[in-house]
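Step one of this worksheet: look at the structure below.
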Amino acid sequence: MTRVIFMGTPDFSVPSLVALANGGYDIVAVVTQPDRPRGRGRKLDLTPVKHAAVARGIPVIQPRSLRDPDAVAPLVALQPDVIVVAAFGQILRPDVL
């Protein structure tokens, strides 16, 4: 089975994640932006992609920046066959790809 890391953050990304999950791919992790305070009360809110991943039992990684080698190491350790990116919100460096 194809090992997939999915990278995305906003609502736009969720249908792609759902399609992969329903398509029988082995999604080994979801990488999304860190949770941020939102709204008037500034409550910490999960990203839409994190909501979808948690609902499906998929592990979530939320690095502040993928420029940090310590943030890239867990992705490499997962040994994905492919990384699918849909509106992630960070520029990916060659060492991630």
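Every read-out reported here was derived from the displayed coordinates using simple, explicitly stated rules and does not represent laboratory data. In this text, all values refer to a predicted model and were calculated from it rather than measured experimentally. Virtual Cβ from ideal backbone geometry, glycine too; neighbours counted across all protein chains shown.
Worth a mention:
- Test result for Ala55, surrounded by 13 or more Cβ atoms within 10 Å (Cβ to Cβ) and either closer than 18 Å to Gly23 by Cα or among the basic types (Lys, Arg) (or both): no
- So Leu97, is it free of Cβ contacts under 8 Å to residues at least 60 places away in the same chain and either in contact with a Pro (Cβ under 6 Å, 6 or more places away or on another chain) or under 17 Å from Asp11 (Cβ atoms) (or both): no
- Qualifying residues in segment 1-15 (those that are among the polar types (S, T, N, Q) and crowded, with 17+ Cβ neighbours inside 10 Å) - the one nearest to Phe88 (Cα to Cα): Thr9
Let's see how each residue does on (1) aliphatic (A, V, I, L, M); (2) over 13 Å from the mean Cα position of the chain (by Cα); (3) under 11 Å from Met7 (Cα atoms):
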residue: Pro37; (1), (2), (3): no, yes, no
residue: Gly41; (1), (2), (3): no, yes, no
residue: Thr47; (1), (2), (3): no, no, no
residue: His51; (1), (2), (3): no, no, no
residue: Ser65; (1), (2), (3): no, no, no
residue: Val76; (1), (2), (3): yes, yes, no
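- All positions within segment 40-82 that are in contact (Cβ under 8 Å) with a residue 60 or more places away in the chain and out of contact with any Ser or Thr (no Cβ under 8 Å at 6 or more places or on another chain): Leu75, Leu78, Gln79, Pro80
- As a summary of the residue check, Pro80 satisfies the conditions (1) out of contact with any strand residue (DSSP E or B) (no Cβ under 7 Å at 6 or more places or on another chain); (2) in a loop (DSSP other than H, G, I, E, B); (3) surrounded by 11 or more Cβ atoms within 10 Å (Cβ to Cβ) except for the one numbered (1).
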